[in-house]
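Here's the structure, in structure tokens; my notes come after.
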Amino acid sequence: MMKNAIIIGASSGIGKDLAIILSENNYKTAITGRRIEKLEEIKSTNPQKFIVKQHNITNYDQTTQIFNDLVKEMGTIDLVIHSSGIGEPNYQLDFKVDLPTIQTNVLGATQLYGLAYNLFKKQGFGHLVGITSVASIRGNRHVPAYFASKSYQASYLESLWFKAYKSKLPIYVTDIQPGFVDTPMALGKTFWMASSKKAAQQIYRAIVLKKKKTYITKRWALVAFVMKLVPSKLYAKLF
């Protein structure tokens, strides 16, 4: 039996590669993003498996409308993946630089998480996947809004996991925390940088296993462990 999925932010990078993987694994997937031409390229690889919707996650009225339209069109939704995020350095703490990050990573993510969870509660099942980051673990003096927004997302997803657990319904919440992945958002080459395809493959496995949290790639679990233990003064010297 074919399953239905929605990926918010699928025009490139991890979202795009996840969309292709889902199409190969018996999913019909609605893919959204700002660049309609990129979405149509994905659809052309398997037209029967994709629904395309142009969407900007900071247009909050549009988010609600598109989500509800997709539910009506697809009937039930088994999987919702949030793969939309931005962030850039803000050395002078200019609020105008941070505002798009907050609008996208905090407000947009919160709205989508709520829409997905309430749908799953209503239909009695579902799986929400949020792609956060190892940046959620500690702060960063150069990119404070991005790191803080990822911490917010991770905490919100865990809160929804608690709600799902208490509900005793088959509702699952997965926090995906990538390290460095070679996507358009990456700021150049660095150590342990995985391809978006490899990252998507590991994310798909985490979805199948219904993991609560997973690091991408797996070696980043060690980095996360160390990041949590390093004293703040030493961490500040390193980062």
Gln153: passes all of (1) open to solvent by less than 20 Å² (accessible area, probe 1.4 Å); (2) in a helix (DSSP H, G or I); (3) out of contact with any Asp or Glu (no Cβ under 9 Å at 6 or more places or on another chain) but (3)
For the structure I just gave you, tell me whether Lys168 is surrounded by fewer than 21 Cβ atoms within 10 Å (Cβ to Cβ), out of contact with any strand residue (DSSP E or B) (no Cβ under 9 Å at 6 or more places or on another chain) and not aliphatic (A, V, I, L, M).
yes
Does the stretch 75-90 contain any residue that is assigned to a loop (DSSP other than H, G, I, E, B), hydroxyl-bearing (Ser, Thr, Tyr) and out of contact with any Phe, Trp or Tyr (no Cβ under 9 Å at 6 or more places or on another chain)?
-> yes
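Yes/no matrix, rows are residues, columns are (1) under 15 Å from the mean Cα position of the chain (by Cα); (2) of a type outside the set (A, V, I, L, M, F, W, C); (3) closer than 30 Å to Arg141 by Cβ; (4) surrounded by fewer than 18 Cβ atoms within 10 Å (Cβ to Cβ):
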{"site": "Lys3", "(1), (2), (3), (4)": "no, yes, no, yes"}
{"site": "Glu24", "(1), (2), (3), (4)": "no, yes, no, yes"}
{"site": "Gly33", "(1), (2), (3), (4)": "yes, yes, no, no"}
{"site": "Ile57", "(1), (2), (3), (4)": "yes, no, yes, no"}
{"site": "Ile66", "(1), (2), (3), (4)": "no, no, no, no"}
{"site": "Ile77", "(1), (2), (3), (4)": "no, no, no, no"}
{"site": "His82", "(1), (2), (3), (4)": "yes, yes, yes, no"}
Restricting the stretch 192-217 to residues that are modelled with pLDDT under 90 and either charged (D, E, K, R) or assigned to a loop (DSSP other than H, G, I, E, B) (or both), the one surrounded by the most Cβ atoms within 10 Å (Cβ to Cβ) turns out to be Met193
Of Ser133, Ser167, the only residue that is hydroxyl-bearing (Ser, Thr, Tyr), over 25 Å from Asp17 (Cα atoms) and at pLDDT 95 or above is Ser167
Flagged pairs (Cβ under 8 angstrom, 6 or more apart or on separate chains; first in the stretch 89-112, aromatic (Phe, Trp, Tyr); second open to solvent by 40 Å² or more (accessible area, probe 1.4 Å)) are Tyr91/His142
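The values are calculated or read from the model by the stated rules, or taken from the named source; none is laboratory data. On a predicted model such as this, the values are computed, not experimentally measured, just so you know. In this analysis, Cβ positions are derived from the backbone assuming ideal geometry, glycine residues included, and neighbour counts consider all displayed protein chains. Accessible surface is based on the protein model in full, side chains and every heavy atom, while ligands, DNA and RNA are left aside. Shrake-Rupley method; radii C 1.70, N 1.55, O 1.52, S 1.80 Å.
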